[in-house]
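Each value in this text was obtained by applying a stated rule to the coordinates, not by laboratory testing. Not measured: the values here are computed from a predicted model. Here the Cβ positions follow ideal geometry from the backbone for every residue, glycine too, while neighbour counts run over all protein chains shown.
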Amino acid sequence: MRATRLEAIIVDQSVFDSIKRPQAEAIRSFAKLVSEATEDSQDKRPRRRLVVKMDPKRRVPMFEIEDADTNTVPTESNDLDTALTEARERGVSRAVEILSGREMLSAAEFAKFIGVSREAVRGKQQRGEILGLLGAKRGLRFPKWQVTPNGKLLPDLPRLFKLLGGDSWTVYRFLIQHHPELEGDTALSALLRGKVEKVLAAAENTAGAFS
């Protein structure tokens with residue numbers, strides 16, 4: 001395997017919008033190390049750049065190596081700090097918008113909707129049997145669409161939580177996104193149509209892309 005000297009790492013904004021904070025911070029730290037190594041190096045041989053973009057079909061990061069233009073200034077770590085901050089701010093704003101939707105119910109409303117107590121809702125949420133989304137201002141909200149037409153909860157939701165790392169917002173995004181493994185369908189729609197194993201396989205692929 002031939003080693004490639006990197007001048008910089010360029011990360012598309014859509015990547016930061018689509019990955020968890022620890023993963024974004026890891027990319028940031030790696031980019032900083034590359035930047036510092038470049039500044040300290042006396043080697044003037046041509047270098048290349050690592051470009052990280054989102055695959056528009058699979059919705060996973062893809063990596064490309066390209067020649068670096070020696071007349072351009074490498075991307076600074078401050079640029080990545082700014083990108084991370086902007087991504088987080090957009091995420092907060094989007095979360096408020098989602099939680100304000102008509103299909104989002106409070107714990108009391110959801111308990112009444114499925115015919116159990118609020119304590120039962122809390123227990124089911126903690127066990128991953130129902131999806132509860134936490135916002136900075138509105139508290140926990142429960143999507144009404146996670147109850148099937150026959151009044152049951154989405155099948156195998158605990159297994160989905162386990163595969164996707166236990167984060168509610170990650171599970172939410174997975175459920176509403178379209179997946180090529182599901183013939184372009186959303187995971188939510190596929191679950192409602194009984195395609196549980198295919199949905200779990202798609203979740204495993206999604207988790208593997210970021211492991």
Problem - Förster radius 25 Å - calculated FRET efficiency between residue 97 and residue 159, Cβ distance, rounded to 0.05 - result: 0.30
Problem - Cleavage-rule hits (trypsin sites (Lys or Arg not before Pro)) in the range 123-203: DSSP loop, at most 13 neighbouring Cβ within 10 angstrom - result: 127, 137, 152, 193
Exercise for the section: Past 23 Å, Cα to Cα, is the threshold; run 53/144; 112/152; 53/162; 112/198; 112/144 against it and keep the listed order. Expected result: 53/144; 53/162; 112/198
Completion exercise
Those chymotrypsin sites (Phe, Trp or Tyr not before Pro) from the range 138-211 that are DSSP loop and have at most 16 other Cβ neighbours within 10 Å turn out to be 210
Problem - Cα→Cβ-extended label distance, 7 Å offset, between residue 204 and residue 116, nm - result: 2.7
Problem - Cα-centred dipole magnitude for the range 104-209, charges only on beta-carbon of K, R (+1) and D, E (-1), debye, nearest 20 - result: 500
Exercise for the section: Note the full-extension length gain between residue 173 and residue 108 as 0.36 nm times their separation in residues minus their Cα-Cα distance, in nm to one decimal. Expected result: 21.0 nm
Exercise for the section: Please list, in chain and number order, the residues 5+ apart from residue 148 or on another chain whose amide H is under 5 Å from its amide H, with Hs placed from the backbone. Expected result: 153, 154
Fill in the blank from the handout: If amide H atoms are modeled at 1.01 Å from N in the peptide plane, then the residues at a separation of 5 or more from residue 105, or on another chain, having amide H under 5 Å from its own are 142, 144
Practice task
Report the label-to-label distance for residue 127 and residue 152 in nanometres (one decimal), using points 7 Å from each Cα along the Cα→Cβ vector.
Solution key: 1.6
Handout entry: Backbone HN-Hα couplings from phi across the range 149-162 [Karplus 6.51/-1.76/1.60, Hz, Gly and Pro as x]
Key = x, 8, x, 9, 7, 4, x, 6, 4, x, 5, 5, 4, 4
